[in-house]
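Trainee: I'd like to ask some things about the structure below.
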Amino acid sequence: MIRYLFLVLFYCFLPGPAHFAESPEISAGVREEYISRVNPVVLSEKQIRYFTRQFKNKCSRCHGKKGDGQGKKAKGAIPPADFTDSAFMNSRTDVQFYNQIEKGGQGKSSMPAYGPGSAINWNEEKIWGMVAFIRRFSKASP
C-alpha cells in the first residue's frame, strides 16, 4: 500500500516533458516515459547502509571502492565512470544514470543490466536509490 502511495505522489510532482525537449543527447536511448523524471529517492541512513553494501558487492569491482573508476575488474574500451569527478557527475542527469543502470553497457561496455527482466532484476526504486547513492561520491547535484 505504501509503495502505491509513493508512486501516486511521485507521479503527481513530475515536471513536464519540455524539461529535456531541447537536449537530444540527454534523451538518447532513454525510455520516453523516463525523460522528464526526477529522482524521487532521498536516502535515509538505513538506505545509505543498504546501497553501500550493494555498491561494494555489485559495483566496486569495476567502479572502485571509492567510486573512482579504478576497480580491479575495470576493463573494456569504455572505462567505468568516475563518480568522484564532479565535472563528470554534473554533466550527467539522474535519468542518464538511471538508464545506464537499468540497461547496462549494451555492448559498449562490460556493465551488466540491473533493471527489470535482467539477471539482477532491480525494480525502479532500487535503481533510483543507487543513482542517489552514486551522487554521494562527488556530492554533485543533477
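Values quoted throughout were computed directly from the atomic coordinates according to the rules given, and no laboratory measurement underlies them. Remember, predicted model here, so these are calculated numbers, not experimental data. FYI the Cβ positions are ideal-geometry reconstructions off the backbone, even for glycines, and counts take in every protein chain you see.
Trainee: Can you run phi through the Karplus equation (6.51, -1.76, 1.60; θ = phi - 60°) for segment 122-131 and list ³J(HN,Hα) in whole Hz, with x for Gly and Pro?
Mentor: Once rounded to whole Hz, the list reads 6, 7, 4, 4, 5, 5, 4, x, 5, 4.
Trainee: Could I ask something else about it? What does the C-alpha gyration tensor say about the overall shape of segment 44-142? Classify as rounded when a/c is under 1.5, otherwise prolate if a/b is larger than b/c, or oblate. Don't skip to the answer; put the middle values down first.
Mentor: Values: a/c = 1.26, a/b = 1.03, b/c = 1.22.
The shape class here is rounded.
Trainee: Tell me, what HN-Hα J-couplings in whole Hz come from the Karplus equation 6.51 cos²θ - 1.76 cosθ + 1.60 at θ = phi - 60° for each residue of segment 44-53, using x for Gly and Pro?
Mentor: Karplus-based 3J(HN,Hα) across segment 44-53 equals 7, 4, 4, 5, 4, 4, 4, 6, 4, 5 Hz.
Trainee: With point charges of +1 on the Cβ of Lys and Arg and -1 on the Cβ of Asp and Glu, referenced to the Cα centre of segment 44-142, which listed residue (Gly129, Tyr50, Ile101) lies farthest in the positive direction of the dipole?
Mentor: Value computed over the given set: Tyr50.
Trainee: Using only alpha carbon pairs under 8 Å that are at least six residues apart, calculate the relative contact order of segment 64-109 and give it in whole percent.
Mentor: Working: 29 pairs, mean separation 15.7, N = 46.
Rounded, it is 34 percent for segment 64-109.
Trainee: A further question on this structure: To the nearest 20 debye, what charge dipole does segment 44-142 have about its Cα centre, counting +1 at the Cβ of each Lys and Arg and -1 at the Cβ of each Asp and Glu?
Mentor: 460 debye
Trainee: Please list 3J(HN,Hα) in residue order for segment 80-88, calculated via the Karplus relation 6.51 cos²θ - 1.76 cosθ + 1.60 where θ = phi - 60°; whole Hz, with x for glycine and proline.
Mentor: Karplus-based 3J(HN,Hα) across segment 80-88 equals x, 4, 9, 6, 8, 7, 4, 4, 4 Hz.
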